[in-house]
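A short worksheet on the structure shown next.
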Amino acid sequence: MKLSVIIPCYNEKATILEILRKVQEVSIDKEIIIVDDGSTDGTRELLSGLSDDNVKVILHEKNKGKGAAIRTGIGHASGDIIIIQDADLEYDPNDYPALVKPIENGDALVVYGSRLLRQNNISYLRYFLGGKLITLITNLLYGTKITDEPTCYKVFRADLLKSLDLKCTRFEFCPEVTAKIAKKHIKIHEVPISYYPRSLEEGKKIGWKDGIEAILTLLKYRFRN
């Protein structure tokens, strides 16, 4: 089965080529779709110089948000399985084989990579506790039994993901897709992954307002048809 790797990026000049190299090195049939979301730091210029046959580069003329970039990537994906990959170096593409295996084997339609099922460092206590809170609220609202809702590594059978009619524009992709999967009563399979958190100084973008938005998104889709 072919894997589509969607990489939304915004001002990631320092890491985009390195994460691309790491993804390329994973021995798996794949295409890579990089969606630059209006970067202004030189990321676009680096991407414009790429000539790899299995890499699609899509440029948003202005910044629309991570969720919008992911939706653009989904629209261009031709693989049987889709995974979301951040453009920084917090998540390790070497985890791909374990993440896609349950779908390839027919044991799952959706797989999340859990940072809590393996011993990993945390970036800041507030992010760790915020993630735990969002996961708890998810489980209470939707009857799920997951350990790491805000994880970047979310993997889907492509036809399922494309059927969800996502509306997200910013970081609310995670709670929206989780809510819509859970409301279909589809079990989310989890596998342990590695995690190498970066600091705010290194470019970590998510903030407390995004956490509030995640909770509001979970509440909205719980009570919306």
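The values are calculated or read from the model by the stated rules, or taken from the named source; none is laboratory data. It should be emphasised that the depicted structure is a prediction, and the values quoted were computed from it without experimental measurement. Virtual Cβ from ideal backbone geometry, glycine too; neighbours counted across all protein chains shown. In case anyone asks, the SASA skips ligands and DNA or RNA and just uses the protein heavy atoms, side chains included. Shrake-Rupley method; radii C 1.70, N 1.55, O 1.52, S 1.80 Å.
Longest segment of the chain with no GluC sites (Glu not before Pro) in a DSSP loop having at most 12 other Cβ atoms within 10 Å?
Here the longest run is 62-200.
Using C-alpha pairs below 8 Å separated by at least 6 residues, the relative contact order for segment 66-169 is 44 percent. In the chain, the DSSP-assigned H stretches of four residues or longer account for a calculated mean residue ellipticity at 222 nm of -11500 deg cm²/dmol, using -39500 (n - 2.57) per stretch and the full residue count as denominator.
Give the shape of segment 98-225 as rounded, prolate or oblate, defined through the alpha-carbon gyration tensor: a ≥ b ≥ c are the square roots of its eigenvalues, a/c under 1.5 means rounded, and otherwise the shape is prolate if a/b is larger than b/c and oblate if not. In terms of gyration-tensor shape, oblate.
Backbone N atoms of segment 149-165 closer than 17 Å to the 7 Å Cα→Cβ label point of Ser78 belong to residues 158-159.
Quick test of the membrane-span-like rule: which DSSP H helices of the chain reach at least 20 Å along their long axis (C-alpha atoms) with mean Kyte hydropathy at least -0.5?
Length and hydropathy pass: 125-142, 208-222.
Between Gly79 and Ser4, the built amide H atoms are under 5 Å apart, and every one of these is 5 or more places off in sequence or on another chain. Structure note, pairs Lys162/Lys209; Lys56/Lys154; Lys22/Lys64: Cα-Cα distances above 24 angstrom occur for Lys162/Lys209; Lys22/Lys64. Lys167 exposes around 110 Å² of accessible area when a 1.4 Å probe is run over every protein chain in place. Projecting label points 7 angstrom from Cα along Cα→Cβ for Leu216 and Leu50 puts them 3.3 nm apart. Taking Arg21, Arg115, Arg170 in turn, the Gaussian network model of the chain (Cα-Cα springs below 10 Å) assigns the largest fluctuation to Arg21. Normalised by the number of residues in segment 1-126, the average gap of Cα pairs under 8 Å and 6 or more apart makes the relative contact order 33 percent. Full extension of the segment from Ile186 to Lys2, taken as 0.36 nm per residue of separation minus the current Cα-Cα distance, would add 64.1 nm. What the Cβ-Cβ distance of Asp107 and Asp29 gives, at R0 = 25 Å and to the nearest 0.05, is a FRET efficiency of 0.85. Based on Cα atoms of the chain, Rg over Rh with Rh as the Kirkwood radius reads 0.93.
Solvent-accessible surface of protein heavy atoms, probed at 1.4 angstrom with all chains present, puts His189, His76, His60 in the order His76, His189, His60, largest first. Solvent-accessible area of the chain (1.4 angstrom probe, protein heavy atoms only): carbon and sulfur portion equals 52 percent.
FRET efficiency for Asn121 and Asn63, Cβ-Cβ distance as r, R0 = 35 Å, nearest 0.05? E between Asn121 and Asn63, to the nearest 0.05, is 0.75.
Comparing Val57, Val111, Val26 in a Gaussian network model of the chain, where Cα atoms under 10 Å apart are tied by springs, the biggest mean-square fluctuation is seen for Val26. Projecting label points 7 angstrom from Cα along Cα→Cβ for Lys132 and Arg224 puts them 3.0 nm apart.
For the chain, build the charge dipole from Cβ charges (+1 Lys, Arg; -1 Asp, Glu) around the Cα centre, then report which of Ala179, Asn11, Pro150 sits farthest towards its positive end. The residue sitting most towards the positive pole is Ala179. Note: relative contact order over segment 110-225, using C-alpha pairs below 8 Å and six or more positions apart, is 41 percent. In the context of the full set of protein chains, the chain has a per residue accessible area of 48 Å² (1.4 Å probe).
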